[in-house]
Amino acid sequence: MIHAGRVRLNGVVKRNPEAPVNFDADRVEVDGRVSVAAAKIYRILNKPRGTVTTASDEKGRRTVYDFLRPELSTPGEPPAGTDSPWIAPVGRLDKASEGLLLLTNDSEWAARILAPDTHLDKTYHARISQVADQQLLHALKKGIVSGGETLRVKRVHLLRSGEKNSWLEIVLDEGKNRQIRRMLEALGVEVLRLVRVAIGPLALGELAKGASRPLTPAEKAALDQALSGS
């Protein structure tokens, strides 16, 4: 768009995409329309199992965007007649996993949520294929070597057990790919369900499966405080 001369900076066509802009003072126009910063959007979604966290899927599987309003689920420019920006997932939950997923158009904030050095807790409930014992819990705390990486949980405890399986609560403060599944698979344990129930102080709560809503100001502030280490 800039190279094509469709963008004016303070009334002058600029064809250099790297030209500095002060959005608090400069006037930017695209095709004669003044461009303004999009309002920041922060949403929580209860991702259903079997959906993928991509904008589209070559296999025709449902994506998380199927559960959002149309104006929030179209990559690129918003639909005609709307000013709503597209939002993106903050990190991923694999197809078989479910639960709390954040979506935003604030890429800097999303990067802080995902950054390993923030050590923001992510809490999961995992249903496993056996009755958990202290030996299993100790092994998860001690750490597992998988694919040349040492993987360990921050905390783990038994929620409840049946005759053939158990529910564990697992807290991570690092987000390595498929970490919980890889750790349990290395111990010969099958993960039957994996649900993310919290990110830092933000809990999934009673949000229905497939439903989403904006974060409240208090929830956003609590996450920001956790990110700052306060």
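All of the numbers you see were taken from the coordinates with simple rules; none came from a lab. These numbers were taken from a predicted model, which means no experiment stands behind them. We place every Cβ from the backbone using ideal geometry, glycine too, and count neighbours over all the protein chains shown.
Computed quantities for the displayed model
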| item | result |
| --- | --- |
| Amide H contacts under 5 Å for GLU174, placed H, 5+ residues apart | none |
| Zone residues, the range 9-31, relative to SER228, backbone N less than 16 Å from point 7 Å out along Cα-to-Cβ | none |
| Stretchable slack from ALA39 to GLN134, in nm (0.36 nm times residue separation minus alpha-carbon distance) | 29.3 nm |
| MRE, 222 nm, helices only [DSSP H, n ≥ 4, -39500 (n - 2.57), over the chain, to nearest 500] | -4500 deg cm²/dmol |
| Which of ALA139, LEU184, LEU194, positive extreme of dipole for the range 121-199 (C-beta unit charges) | LEU194 |
| Acute angle (nearest 10 degrees) that the helix 217-228 long axis makes with the longest principal axis of the chain, alpha-carbon atoms | 70 degrees |
| At 1.567 mPa s and 4 °C, Stokes D of the range 121-199 from Kirkwood alpha-carbon radius, µm² per second | 105 µm²/s |
| Subset of LYS59/LYS176; LYS47/LYS164; LYS141/LYS164; LYS142/LYS164; LYS95/LYS154; LYS95/LYS209 violating a 18 Å alpha-carbon distance limit | LYS59/LYS176; LYS47/LYS164; LYS141/LYS164; LYS142/LYS164; LYS95/LYS154 |
| Paramagnetic reach from ARG61 (point 7 Å along Cα→Cβ, amide N under 19 Å) across the range 146-189 | 176-183, 185 |
| Distance (nanometres) between label positions extended 7 Å along Cα→Cβ at ARG49 and VAL145 | 3.3 nm |
| Square roots of five times the Cα gyration tensor eigenvalues for the chain, Å | 41, 19, 16 |
| 5 angstrom amide H check on LEU215, placed H, neighbours 5+ away | TYR42, ARG43, ILE44 |
| Where labels lie 7 Å past Cα in the beta-carbon direction, separation of ALA96 and ASN16 in nm | 5.3 nm |
| The chain: relative contact order in percent, alpha carbon pairs under 8 Å with at least 6 residues between | 20 percent |
| Amide H within-cut-off set for LEU159, under 5 Å, with H built and near neighbours excluded | TRP167, LEU168, GLU169 |
| Residue among ASN16, PRO48, TYR65 farthest towards the positive dipole end of the chain, charges placed on Cβ | PRO48 |
| Check: the chain dipole with +1 on Lys, Arg Cβ and -1 on Asp, Glu Cβ, in debye | 560 debye |
